[in-house]
């Protein structure tokens, strides 16, 4: 570790990729089944399910792609943090169901990971670093 900037930059890149993976997958699944996704949103009694669907696709895919390349990383991570916390509150509040509790806690942990990116930036292996924003 020491003073070698490659190690923390590599970890920051790996962290961004791991966080982005779940949202890229989820965004692609939503694109493949818009009606099913809208029905799921409606079943949670959330308002404007089609608007929620559109927001979810844009945030999940757009935010994830920005994370992967490390461009506008802090705002993308903040949007994903807000989205992830809202998802926990909107879909995983049935604490009598252990599975829902696990999903709620997972979303909180992921939100924490995004907030770390907001606080500390994308790291050296990013377009932000090339632009002098990291």
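Taken together, the values in this text are just the output of simple stated rules run on the coordinates, not laboratory data. This is a predicted model, so every value here is computed, not measured. Cβ atoms come from the backbone with ideal geometry, glycine included; neighbour counts cover every protein chain shown.
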Segment 6-131: relative contact order from alpha carbon pairs under 8 Å, six or more residues apart, as a whole percent, is 32 percent
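For 10, 64, what ranking results if the residue with the fewest other Cβ atoms within 10 Å of its Cβ goes first? Each step should come with its number before you reach the end.
Working: 10 14, 64 24.
Ascending number of Cβ neighbours within 10 Å: 10, 64.
At 0.36 nm per residue, minus the direct Cα-Cα distance, what do residue 17 and residue 31 gain on full extension? Give it in nm, one decimal, please. The partial results should precede the final answer.
Values: separation 14, 0.36 × 14 = 5.04 nm, distance 2.06 nm.
Separation in residues times 0.36 nm, less the Cα-Cα distance, equals 3.0 nm.
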Segment 60-134: relative contact order from alpha carbon pairs under 8 Å, six or more residues apart, as a whole percent, is 37 percent
Taking Cα atoms, the helix 6-32 axis meets the longest principal axis of the chain at an angle in degrees (rounded to 10) of 20 degrees
For the chain, longest principal axis from Cα atoms; helix 34-43 axis from its Cα atoms; angle between them, nearest 10 degrees, is 70 degrees
Mean shadow area (nm²) of the C-alpha convex hull around segment 71-134 is 4.2 nm²
Each label sits 7 Å from Cα toward the beta-carbon; between residue 101 and residue 51 the label points are separated, in nm, by 3.5 nm
Here the FRET efficiency for residue 93 versus residue 130, based on Cβ atoms and R0 = 35 Å and rounded to 0.05, is 0.25
Expected sort for 128, 33 with the fewest Cβ neighbours (10 Å cutoff) up front is 33, 128
Rounded to 0.05, the calculated FRET efficiency for the beta carbons of residue 120 and residue 44 at R₀ = 30 Å is 0.35
Per-residue ellipticity at 222 nm attributable to helices in the chain (runs of n ≥ 4 DSSP H, -39500 (n - 2.57) apiece, nearest 500 deg cm²/dmol) works out to -24000 deg cm²/dmol
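Taking other Cβ within 10 Å of each residue's Cβ, how do 50, 133 sort, fewest first?
Going from sparsest to densest Cβ surroundings: 50, 133.
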For the chain, using Cα atoms only, the Rg and Dmax in Å read 16.1, 52
